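The values are calculated or read from the model by the stated rules, or taken from the named source; none is laboratory data. Because the structure is predicted, anything quoted here is derived from the model rather than measured. When we count neighbours, we look across all protein chains shown, and the Cβ atoms used for this are built from the backbone with ideal geometry, even at glycine.
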Amino acid sequence: MRRFLLAIAILLSASAGPALAAPTCQDVNGSVARCGTPGAMPLGWKLPDEEYDRRQAALGNDTDPHALLHAIILVASLLAIIALLPDFDGRSDVDWDEQEGDGRRRR
């Protein structure tokens, strides 16, 4: 039964078509804007590459190496904490604590 459901899921996902999205436009600064809104340029208009590079350099959107290092350390520490968790699959009785009423049975 599981193989049958897996085969159906694979067939359905393979037969699905790509999702179509609405086109996006740019504003005068070269940022992405919704087409038809105030400040949006016509569809297909693109800021020249030299002007775009100049504006990006003026914004100073450089990546801070210390922030990148802190992000890597954070992700590594979270993964280390997850790796240190005790094994638990819930299959054996020793994985579970005694529940209310387990020790005595009513007849």
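Laid out as a table, the results:
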{"read-out": "Residues of the range 28-43 satisfying the condition of being under 26 Å from Ala58 (Cβ atoms), of a type in the set (A, V, I, L, M) and surrounded by 11 or more Cβ atoms within 10 Å (Cβ to Cβ)", "value": "Val28, Ala33, Ala40, Met41"}
{"read-out": "Subset of the range 12-27 [surrounded by 10 or more Cβ atoms within 10 Å (Cβ to Cβ) and either at pLDDT 85 or above or in a helix (DSSP H, G or I) (or both)]", "value": "Cys25, Gln26, Asp27"}
{"read-out": "Filter result for Arg55 (loosely packed, with under 10 Cβ neighbours inside 10 Å, of a type in the set (D, E, K, R) and part of a helix (DSSP H, G or I))", "value": "no"}
{"read-out": "Selection count, the range 5-43, where residues are without any contact (Cβ under 8 Å) to a residue 12 or more places away in the chain, farther than 22 Å from Arg54 by Cβ and among the aliphatic types (A, V, I, L, M)", "value": "13"}
